[in-house]
Amino acid sequence: MRSRSMPTDSQSPPGPPAIPRRLLRTPSDDIRNPGLEMRVDSLKNEVASIVKNTEWPRESRAAAESLLNTISSSPNISDNMIRTTRELKNLVERYIQILDDVCLRLKEAASKSEKKRWKFLQRMKSLDSSRPSKCTLLFQTCQDDVSQVINALNENVDHEWANEQERVEIPLSSPQAQLHSAAQSQAQELPTGTTEHRLASDDSTLNSKQPESNPLRDSKYRGPISEEALKIARRTLKSVEIGSGAIPVVGSYVGAAAKVGLAFVEMLQTMDRNDSMAVDLGDHTSRLTKILGSFKEKSSMDEQNLADQINNLHRELVRVKEKVEEGNSLGKFRKAFSARDQAEKLREYQGTVQTAREEMQLLVSLGSRNMIIELENIELRKERRRLLKCLGDGQYGARGNTIENIICFPGTRMEILKRIDVWIRDTSLPNPVLWISGMAGQGKSTIASTVVHNWKCRASCAIFHFRRGQSTVNSRVICVVARQLGSSLVSEVKDAILESVRENEDIAGPGRRLDEQFETLLVAPFAKLECQTHPILIVVDALDECDNPNDAVDLVRLIHKYSSSFPKNVKFLLTCRPEATILRNLQSKQWYKEDLDSAPDVDNDLARFIQHSCTHIRHDHDLSADWPSAGDVEQLVQMSQGLFQWARTATTYLGEGSPVDRLRVLLERPAMWSGLDDLYHQILSKAFIAVRLDRVRRDLLHHVVGTVALAPYPLSLEVIASLYSRHPMFNGMNQEDIIQFLRKDILADLNSLLFIPPSPTEPMRLMHTSIRDLLVSADRCEQQPYYINLIRHHQRVTSACFEIMLGHLKENICNLSDPSKPISEVHDITEREVSTAVRYCCLAWSIHLTEGITWSNNGENGASIELGDFEIFSKEKILCWVEVMSLVGATADAIIAAKRVHNGFW
């Protein structure tokens, strides 16, 4: 399917759906072409005939109908509507060419031989219902082409009208009335809801104010935005939001603006679009879409172009903020929702309106001057990147140990999220700290991630997830938080953090204490932000997973010590399980608390989540509409025991195999499946029973699961394949085949417990910390085949690490002609020459070695091989290791590793 993008100033108008509603009548007839009207009508009728008289595949009929609606929704092109401009004539002729091309493509598809192919493709399509058929893609492509040229016509007409208003003062009487009447008469010919709203007005409206009498700016004379326009806007805005990270300097600002536009699209879906407030909002949404569309796939545009677009974007945000504030204060939003009998939706969208207002308030307050200065000052940008790099990799600890940062399913946890929102907004509250307590699986991390997701475009946010077993990551909590704040949208926050780093560039170095980092990177910068009013939100998740409980307690004490001196807009959100040491320290502080274990009934939220998950399963497996029954869902809710992690794991498990059979087994023996441990045991047992007759296979599965459970750094499938490439199961196999075998065979039954991303280079991870807790607990599963003995697994991975490093490390591993070049200049070469497996081994070997050797003194054997490898490594490869650590920006980690090994042996 060909790509779709919004027309921009840098493109000639490709144009989309619905020929202009407001076409000027002009006195000049020198280029009028009476034949255009007949040619357009003839081609429209021909397309309609082909579509209606052909038996298309069933799954493509909706797309065919949509194409017909787009074509039929455009007003007729009549002679008295065409203005005397060469550009308009060219656009109408382009429209004719597009219709002619559509006719040819549809005729070919409708031919007898082609219809046979469509039927074959329909049968093939049933094997993969997630992909649209080629027939559907044909209709969608045709519709896109037609839509673009119609929108270009709309844009051209709006531009000519604006120019006409600059030349002639039009009284409020007859000409406007005639124009309005003409537009209304055309709209009456269209089906309800198909009147097309232009996707974007001309840039002249961004740079100059229109007269109040101009119908382009007066909602009385403008039509509502159509469903098709909203679809295009949603696609464009979502694409911009996702791709904004590639835009230098202003990416976060552009992404936040796109998020505002998406909120408007959501609201317009439910509002009465004929209401004046909805028409105004639709107009501004169209303008935002056009401006933001200019950033789409433009990460390489020059600084001046970016600066101009940012100025345009900021001006439009100022305008839309004023309109939204006015509409909110006068109750216009309520009227627009109520007009469609959507009072319930209004209550639901009040939060959306409030969020959009706060996001716009932040974006408007930032202005564009500071961003443009940074865009144009390359040295400033380099310096800021350098200072951020002093804080280490901000991704460590920032992503958590679940899939990405999973957020709450829409419509669930609404009450607690609302209370947290109120707490963040209210600067008069005496306590700047709120902590969430709950047992494993209650959803603490998900709530924490949702809060940051919801506030990232209206506050300066930072989040850190402690990870059990990853002590190297856990020690970086303050640096990770500071790095995220140092990339904040708000320049005052960013500058305050980076200034402190400039004065203490070694603050992230080895040996720096937690209190030093806290005072340097948080206390000192916050002291400079008394006049800054936007919220600063710091979220620390899973305090109980900090390997050293004393470190977690020290962090709590530091927050308590300094939080009262911070500006009132600084808030800390903490989460933890109710474990004794941390619990005592938190309870003594008299901070605000949300206790998930004693929260009101969450059964409705769980039922909503389970029903939604089962709907996807039903569609994926083509099950009947009554699966599962209401009684089945209710039983699953009861079995979950209030744990969202149980519900997520169970529904994922159902979707992996035969959902009907798995649900039946699950419900027939609820005692064996209820509770997290029972559910995990059943899934793990099933996976290991499948390989019980093949010892080699069973050992490999056990090794891989154990390695993922104890890895101190993120671990990809590519690294796993390298670590175990010499396993007997992989004799004669190359790495690509090993990766596919691991994915499709060895780990195939564990997708509900183990996240395996599509790319073999992305990190794998257990779905929840409670899975690791079970696997390494001798009390809970020592007699099971999947029990992980940490000592032996560390020893095994240590051997694999030394084998890879001894085989691959060499002097000048990147073959650099000038080894003195800065790391930043050889980054791409390092990415190419130093494999992910070598990187992992260089980072992690010291942890695996010391963890295995330390505990072996208590009776475990098998350390001699690792010690022998270490002796060879220290004599032959130690300098090569230091070189690699330097190349990957981990010199500080190398010093820590050396101290760790020294302390472990001497």
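Points to keep in mind about this one:
- Residue satisfying condition, being of a type in the set (Asp, Glu) and more than 18 Å from Trp423 (Cβ to Cβ), within set Asp603, Asp595: Asp603
- Hits in the stretch 421-437 (condition: β-branched (Val, Ile, Thr), closer than 24 Å to Glu579 by Cβ and in a loop (DSSP other than H, G, I, E, B)): none
- Search result, residues across the stretch 246-269 that are open to solvent by 10 Å² or more (accessible area, probe 1.4 Å), within 18 Å of Leu306 (Cβ to Cβ) and out of contact with any Ser or Thr (no Cβ under 8 Å at 6 or more places or on another chain): Val249
- Residues (in contact with an Asp or Glu (Cβ under 8 Å, 6 or more places away or on another chain), under 18 Å from Lys568 (Cβ atoms) and not in a loop (DSSP other than H, G, I, E, B)) located in the stretch 515-542: Pro525
- Across the stretch 734-782, the number of residues qualifying as touching a helix residue (DSSP H, G or I) at 6+ places or on another chain (Cβ under 9 Å), assigned to a helix (DSSP H, G or I) and acidic (Asp, Glu) comes to 5.
- Residue within the stretch 721-729 that is under 15 Å from Asp694 (Cβ atoms) and either part of a helix (DSSP H, G or I) or in contact with a Pro (Cβ under 9 Å, 6 or more places away or on another chain) (or both) present: yes
- Filtering the stretch 460-469 to residues that are in a loop (DSSP other than H, G, I, E, B) and crowded, with 24+ Cβ neighbours inside 10 Å leaves Phe466, Arg467.
- Checklist (1) within 18 Å of Lys89 (Cβ to Cβ); (2) touching a helix residue (DSSP H, G or I) at 6+ places or on another chain (Cβ under 9 Å); (3) modelled with pLDDT of 70 or more; (4) open to solvent by less than 100 Å² (accessible area, probe 1.4 Å) applied to Ile31, failing item: (3)
- Check on Glu831, acidic (Asp, Glu), part of a helix (DSSP H, G or I) and farther than 30 Å from Ser777 by Cβ: yes
- In the stretch 569-592, residue farthest from the chain's Cα centre (by Cα) [restricted to those that are charged (D, E, K, R), surrounded by 15 or more Cβ atoms within 10 Å (Cβ to Cβ) and assigned to a loop (DSSP other than H, G, I, E, B)]: Lys589
- Listed by position, the helices (runs of 4 or more DSSP H) inside the stretch 629-710 whose residues that are open to solvent by less than 40 Å² (accessible area, probe 1.4 Å) number at least 3 are 630-640, 644-656, 659-668, 676-689, 695-710.
- Residue among Leu366, Leu380, Leu388, Leu375 that is within 26 Å of Leu489 (Cα to Cα) and either hydroxyl-bearing (Ser, Thr, Tyr) or modelled with pLDDT of 85 or more (or both): Leu388
- For the stretch 474-514, a tally of residues being assigned to a helix (DSSP H, G or I), at pLDDT below 90 and surrounded by fewer than 23 Cβ atoms within 10 Å (Cβ to Cβ) returns 1.
- Of all residues in the stretch 230-249, those that are at pLDDT 85 or above and either out of contact with any helix residue (DSSP H, G or I) (no Cβ under 7 Å at 6 or more places or on another chain) or over 14 Å from His284 (Cβ atoms) (or both) total 9.
Each row is one residue, and each column tells you yes or no for (1) small (Gly, Ala, Ser); (2) modelled with pLDDT under 90.
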position: Asn734; (1), (2): no, no
position: Leu742; (1), (2): no, no
position: Ser752; (1), (2): yes, yes
position: Pro763; (1), (2): no, yes
position: Asp779; (1), (2): no, yes
position: Gln783; (1), (2): no, yes
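- Test: residue in the stretch 295-303 that is crowded, with 16+ Cβ neighbours inside 10 Å, of a type outside the set (S, T, N, Q), out of contact with any Lys or Arg (no Cβ under 6 Å at 6 or more places or on another chain) and at pLDDT 70 or above: yes
- Note on the stretch 404-420: residues that are over 18 Å from Leu606 (Cβ atoms), without any contact (Cβ under 8 Å) to a residue 60 or more places away in the chain and touching a helix residue (DSSP H, G or I) at 6+ places or on another chain (Cβ under 8 Å) total 1.
- Listed by first and then second residue, the pairs linking a residue in the stretch 363-391 that is under 17 Å from Ser252 (Cβ atoms) to a residue that is open to solvent by less than 60 Å² (accessible area, probe 1.4 Å) and among the aromatic types (Phe, Trp, Tyr), with Cβ atoms under 8 Å apart and 6 or more places separating them unless they lie on different chains, are Leu363/Tyr253; Leu366/Tyr253; Met371/Tyr253.
- The residues of the stretch 792-815 that are basic (Lys, Arg) and either farther than 21 Å from Asp828 by Cβ or open to solvent by less than 50 Å² (accessible area, probe 1.4 Å) (or both), listed by number, are Arg792, Arg796.
- Scanning the stretch 627-649 for residues that are of a type outside the set (S, T, N, Q) and without any contact (Cβ under 8 Å) to a residue 60 or more places away in the chain yields Trp627, Pro628, Ala630, Gly631, Asp632, Val633, Glu634, Leu636, Val637, Met639, Ala647.
- Filtered residues of the stretch 593-610 (kept if open to solvent by 70 Å² or more (accessible area, probe 1.4 Å) and within 21 Å of Glu668 (Cβ to Cβ)): none
- Sub-7 Å Cβ pairs linking a first residue in the stretch 455-467 that is touching a residue at least 24 places away in the same chain (Cβ under 8 Å) to a second residue that is open to solvent by 10 Å² or more (accessible area, probe 1.4 Å) and in a strand (DSSP E or B), at least 6 apart or interchain, are Trp455/Cys461, ordered by first then second residue.
- Any hit, the stretch 783-790, residues being outside any loop (DSSP other than H, G, I, E, B) and closer than 30 Å to Leu676 by Cα: yes
The values are calculated or read from the model by the stated rules, or taken from the named source; none is laboratory data. Computed from a predicted structure; not experimentally measured. Every residue, glycine among them, receives a Cβ derived from its backbone with ideal geometry; neighbour counts consider all protein chains shown. Note: areas computed on protein heavy atoms with side chains; ligands, DNA, RNA excluded. Shrake-Rupley method; radii C 1.70, N 1.55, O 1.52, S 1.80 Å.
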